[in-house]
1. Only Lys, Arg, Asp and Glu count, each charged at its Cβ (+1, +1, -1, -1), so figure out the dipole size of the chain about its Cα centre, rounded to 20 debye.
2. For helix 30-58, what angle does its Cα long axis make with the longest principal axis of the chain, in degrees from 0 to 90 and rounded to 10?
3. Nearest 10 degrees is fine. How inclined is helix 598-611 to the longest principal axis of the chain, computing both from alpha carbons?
4. Between GLN811 and GLN38, what is 0.36 nm times their sequence separation minus the Cα-Cα distance? Round to one decimal in nm.
5. How large is log10 I(q)/I(0) at q = 0.18 Å⁻¹ when the Debye formula is applied to the Cα atoms of segment 61-189, each weighted equally and without solvent?
6. With a bin width of 5 angstrom, please list the P(r) values of segment 173-254 as percents of all Cα-Cα pairs, from the 0 bin to the one holding the largest distance.
7. How much of the pair distance distribution for segment 706-762 lies past 16 Å, counting alpha-carbon pairs only, in percent?
8. Direction-averaged shadow area of the convex hull around the Cα atoms of segment 510-828, nm²?
Amino acid sequence: MISSLSNYQPLANRYDECMTSDGKIRPAWSLLSKQVDQLGVDGMSERKATIDQMLKENGTTFLVENESDGRQNRPWQLSPVPLVIDANSWATVESGLAQRTRLLEALLKDLLGRQRLIKERIVPAELLAANPIFQRAYHGLPSFGGKRLHITATDMARAADGSWWVLGDRTRAPSGLGYLLENRIITSRVYPNLVRQCNTRRLAHFFESLRDHLRSLAPAMRENPRVALLTPGEDSYREFEDAYLARYLGVTLVQGTDLAVRGGRLNLKTLGGLLPIEVLWRHVSDRKCDPLELMSHSSEGVSGLLGAVREGKLAVANAIGSVMAEVPALMPFLAGASKFLLDEELQLPSVATYWCGGAKELSHVLANLDSLTVRNAFVVTEAAPVIVADLSPEAKNELVATLKARPREYVAQERLPHSTTPVWDNGAWRPWHVAIRCFQLQTSKTVEVLPGALTRLSPVENVLGRSPVSGLLTQDCWIANEHPVDNETTLLPAPDAKVALKRSGDELPSRVAEHLFWLGRYAERGEAIARLLRTTLTRLASENELDDLPELPRLIAALAAIGQIEPDYAIAPLEVSMPKLEDILPASVLDSSQSRGLQSTIRSVVHNASVVRDRLSIDAYRIIQHASSDLNAPLADRNIGRLIERMNGLIVDLLAFAGVLGESFTRTHAWQFLELGRRLERAYQTAELLSATLVPVGEGVRAVCEAVLETSDSLMTYRSRYLNLVRVAPTLDLLVTDESNPRSIRFQLDEIARVFAQLPEQSRPVGLGIDEKIALELRHHLQMADPNVLSGEDESARRVHLEQLLDRLIQRLPELSNAIAARYLIHTGATQTLTGVTAGLPGVFPKEA
């Protein structure tokens, strides 16, 4: 295996980022090369494993879509070795990117304003008239800070001679900035000293400038404006990145359903009322921003947004309509536009691009198809461009017919040879092709280019024409200086900066409250399922005969009641015809297709946590990722002993999650909805458990009670009070009516009542709300309940008083959940029931787009 970079073999006829054509390591790579040589095979493999583990713990994922698997989250892939570019070479790129940003700004201003480029025929009029993404509403919108483009990106590659070429521009809402930052943070932790020794330019100054610039755009409240990041939502490929950026920059993460325009101002809808937003950093498509004036069926934007912009009460970055500057069909005309608008030659050339709407250009394209790629002329999509040389004769003929029929809809581009860089692949260094995405911030005074890039790698050159989240390996990008660089820049506030003191609480959108509510619900449900499974599996693995375990049928009934096994297992005559429980239960635990199963429950925990990850501590989110990963880890030997250990690990993780939340969440409305979910779910799960185990009267009362106490994590408390004297009445007292036991149903209703008293008063009607009435009614029944009466038996061999109380709880707790949703969470949109039964508590989520 090739463990030394000095033995690395680049590809012929390609510029290699690490090594010159005569086999010498480039100066900027010298320190990195020495470090890699010292590490050897084992060291590089260890670095790769460390990076993979860190990405896994951080939950760094991206959403991909393919025909076989549909939309799925995939782990982000990061190379253990960065791409190193020397500062002198970067200076040329930096200057060219700054000029290109100024050009695109001037071009956008002209196309959405006076349109001199069209009048002078520098840009064909069809690029507006025939452009399906152009909307009249974009024309004449005001700019803030004197600019329409604030954050832009440029996709680039290096040709065989080492020169840089632009592959495309991103001016709408370029993605990848958060992943780039994550790449740098992780790589810096793997090579902390090396980053400094290479004098690598830091990224923090760029993000500090970005944060300050967004705040400076505010039309009012300039000293401390509310800046919001508008994300498409949890089904978007931007889910991880938007939450990551919002947390890092300290801005509010919002979705369209969180917003409302009132009196010409954009407001955040919270439990405490409407709060004005001054600056909106949008990651939603232009045409989806305002269903009132643009795409009418869009739910990602907010009605009246354009009106707020026109009235000058809201700054939007990038400006709505900025998508016009990234149209691929404009690329052939940028050089001419630069001369006309800036009186400057274009410093960074675009890859040769031909808009097929011109007769001459179409003729050239048809004559040279095999050396070209073809893509949409107006819309930038995640789809890879069509590589004509790879098409079958039939497909090629079909493409030619399409180009002749609708030439204005397509552009063709030359196939640019990408440079290569060494990649640690299966224990050896191999040359992979490189493409980079650079980012620019344009302020009112200057253009700041981020000193680095999102680097994408692939062993297949043609794959790099796709989006930066298309499943490729990525790399950190170091701009190495000859002299030390500023290491003091930070996003932390200045030590002497004065900040107005406050206690937050009302600034909670109902959508976020909903996900926190269900995060608490599902986390508690997962723990209850895991505990019941562990209790049951422990009995199955014991040395006793199953017929000698009187508690086992009751535990099986409880598992059936909460949807973990087929109900037939709880019916004695049918049980004999079913597969053995010790065989079916391990498979059931690992079955991800069961809508009410443990796997689905933990998946729902992860889903809700990911949506509100900007509200959770990093440690809390890592615990959930760890729990999910461990539960889903392959289990070759599905014996009961291994399954019990897996349940032990999951319970510990969920307890750790609850503990971190309890110690890191301030007691605001966010905490209260999380607490409501936890308490409501615990009450329901305990009621179901008791209904299945202690309502029927049978033999082995002691064993049944001990199993119930063990499942409810109350066996230690019981023994501290009653030693080994196990009876039904004290068991019911501890789990039903004891207001001091955090595991009792009474305790949960007391906590729910306490939380209700702290929720926003604006949502309170005169008198009690339906949710409060239900909670008080159930609490009253628990206060009046007598454990001795509840434990009483009737002639039908059932504890009828206990049954009536539990039935009331099992029926009314879902109604309480619905009443909470109707009062605080109802605006969040379409919902669906996930449990599959009407008797249980429904799991409600925003419907998938």
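1. Working: 93 positive and 103 negative charges, 592 e Å.
With only Lys, Arg, Asp and Glu charged at Cβ, the dipole is about 2840 debye.
2. 40
3. Result, in degrees: 50.
4. Working: separation 773, 0.36 × 773 = 278.28 nm, distance 6.65 nm.
In short, 271.6 nm is gained.
5. Listed by q, the Debye log ratios stand at -1.19.
6. 3, 13, 20, 21, 16, 13, 8, 5, 1
7. Of all Cα-Cα pairs in segment 706-762, 45 percent lie more than 16 Å apart.
8. Mean projected area of the Cα convex hull: 17.0 nm².
Readers should treat all values here as calculations from the given coordinates under stated rules, not as data from a laboratory. Everything numeric in this text was worked out from a predicted model, so none of it was measured. Heads up, the Cβs are rebuilt from the backbone with ideal geometry, glycines too, and the neighbour counts pull from every protein chain shown.
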